[in-house]
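Okay, so here's the structure we're looking at.
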Amino acid sequence: RPLAAVYMIGLAVLFHSSFIDRSPNLGVANANLIGAAIQFLALPVLARKRGTLLDTLIFGTFLFAALCYSLRAALFLPQDVAVIETGQGFWSLYNLTFYLTTGLVSLMNAVLLLIAIGSDLIHRHYQAAETDILTGLPNRRAFERWIDAARDGETEYGAVIMIDLDHFKRVNDTCGHDTGDAVLGQAAGVLSQALGG
C-alpha cells in the first residue's frame, strides 16, 4: 500500500509538472523523491533482517541511496525555473551530485552483488560437501564435524541413532538398485520429517 501511494502521488505530481504547471524543478525533484521514498520504504524490512555482515551492507547501500535521492531533490526543488534554465553553475552542481552519488551507489551495488554471489556459492559447496546426494541427509563428513564440535564443547548431542532397513537387500536384488535408491530416499524423507533438524 505505501508503495502504491508513492506511485500514485508521484504520477499525479508528474502529470501536474508536465502538463499543468510545466515546472522542470518540480518534475526532477519528484523523480528523485520517488526514488528516495522507494528506498526508504525498503529500510524497515531490511533492518529487521540484518543478521549478517552482508545484510548490514545491503541496508547501508539502501540508506545511502535514499539519502542521495533526497539530496538531489533538495538541490532541485527550491530552485526558480529561470535560475534552472539560465544557470550553468546550478546544472554543474546538480550533475556533479547526480553522477557522483549514482556512481557510488552503482559501485556499492556491484560489490554487494559479487559478495552475495560468492557467499551463495561457498554456502552451496559447503552444503554439498556435507550432504549425501542420494538421501539428502548429512553424510559422514558432517557427522565427524558434529562429533568434533561436541568434543570441543561447542554443542551437545544426546544420542546417535543407527537405523537398519529390514530386508533392504531383497529390495535391491528383486526390484533393482534404482528402486532401492528410491526406497532409501523415501526412508530418509520420513526420518527427516519425523526428527526435524
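If packing is taken as the mean number of other Cβ atoms within 10 Å per residue, what is the order of 173-183, 120-130, 28-38, highest first? If you can, show how the numbers build up before the last one.
Values: 173-183: 12.5, 120-130: 10.8, 28-38: 20.3.
So the order, starting with the most tightly packed, is 28-38, 173-183, 120-130.
Contact order, relative form, for region 94-197: 22 percent (alpha carbon pairs under 8 Å, 6 or more residues apart, mean separation divided by residue count).
Where in the chain are the helices, taken as whole DSSP H runs, whose Cα atoms extend 18 angstrom or more along the long axis and whose Kyte-Doolittle mean reaches at least -1.0? Walk me through the intermediate numbers first.
Working: long enough: 2-15 (20 Å, 2.22); 24-48 (38 Å, 1.10); 53-76 (35 Å, 1.67); 88-129 (61 Å, 0.76); 177-195 (26 Å, 0.37).
Helices meeting the criterion: 2-15, 24-48, 53-76, 88-129, 177-195.
Suppose all protein chains stay in the model; what accessible area per residue would a 1.4 Å probe give for the chain, in Å²? Write down the numbers at each step before the final one.
Details: 14030 Å² over 197 residues.
Each residue of the chain exposes 71 Å² on average to a 1.4 Å probe.
For region 24-54, trypsin sites (Lys or Arg not before Pro) are listed when DSSP marks them as loop and at most 16 other Cβ atoms sit within 10 Å of their Cβ; the list is LYS49, ARG50.
Here the relative contact order of the chain, from alpha carbon pairs under 8 Å that lie six or more residues apart, stands at 15 percent. Pairwise alpha-carbon distances in region 137-197 exceed 17 Å for 54% of all pairs.
The values are calculated or read from the model by the stated rules, or taken from the named source; none is laboratory data. Remember, it's a predicted structure, so these values are computed and weren't measured experimentally. All Cβ positions, even for glycine, are placed from backbone atoms using ideal geometry, and neighbour counts span all protein chains on display. Quick note on the areas: whole protein, heavy atoms, side chains included, nothing else; ligands and nucleic acids left out. Shrake-Rupley method; radii C 1.70, N 1.55, O 1.52, S 1.80 Å.
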